[in-house]
Amino acid sequence: MPATPRPARRQTTLLAAALLAASPVAGLPLAAPAAAAPRGCPTAGGLAQQLADADVVLAGTVTDVVRARTDRPRQAEATYTLEVDRVWRGSTREVVEVTAPAASRTCGLALTQGRRYVLLATAQGADLSTDARLGTAPASEALLTRVTGELGEGRAVGVEPSEPADPVATTVDDSPPPDFGRTAAPGAALALVGLLGLLVVRRRAR
């Protein structure tokens, strides 16, 4: 049998190494985390700690983005408007606004209009703010499952509770039962009339 050419052997070895590196067995992640913070913005613990520290935890879709103009890029901020559909903690409003740094050097966020996020924010009165360290991330099924595992199902926002049906009045007859004598009298009278008729017929027959 002819020997395998060296280039083919090399390609086979490289292909096997690539498959091994991408395999879960190798213990390497297949994708970067969805909520990875920029360098220089370390997060305080994992998601469980972020959820515990947040004043507001909700899910909603970004409907508007306003970036403030400034001569100092590091101080630039963006205001995001979210249409809320589920709340685990904090605000129960259907629409919220949250501010966040716009520059990555200040742990900024770049939320995309039309996309749904799990928002973790701090509250100063009615004002909400967030940044890359707090854990705000796209609302993937995996993230929603983890949040639900930590905080429960939460409560839906914007769903009108069903109104209870109007009560129906039912009239109950609470009058005393009729006297037995009155009830039995008509039957006894009919029996007596029948008996008298029978006697008359017999006399005529004689």
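Numbers at a glance
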item	result
Normalised convex hull volume, the stretch 73-115, alpha-carbon set, Å³ per residue	86
Rh (Kirkwood; distinct C-alpha pairs) - the stretch 56-150, Å	13.4
Gained length - residue 103 relative to residue 69, 0.36 nm times residue gap less alpha-carbon distance	11.0 nm
Sites residue 49 and residue 148 - FRET efficiency at Förster radius 22 Å, r taken between beta-carbons, to 0.05	0.80
Gain in span if fully extended, residue 77 to residue 190, counting 0.36 nm per residue against the direct Cα distance	30.6 nm
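No lab work stands behind these numbers, since they all come straight from the coordinates. Remember, it's a predicted structure, so these values are computed and weren't measured experimentally. A quick note on method: Cβ atoms are made from the backbone with ideal geometry, for glycine too, and the neighbour counts reach across all protein chains shown.
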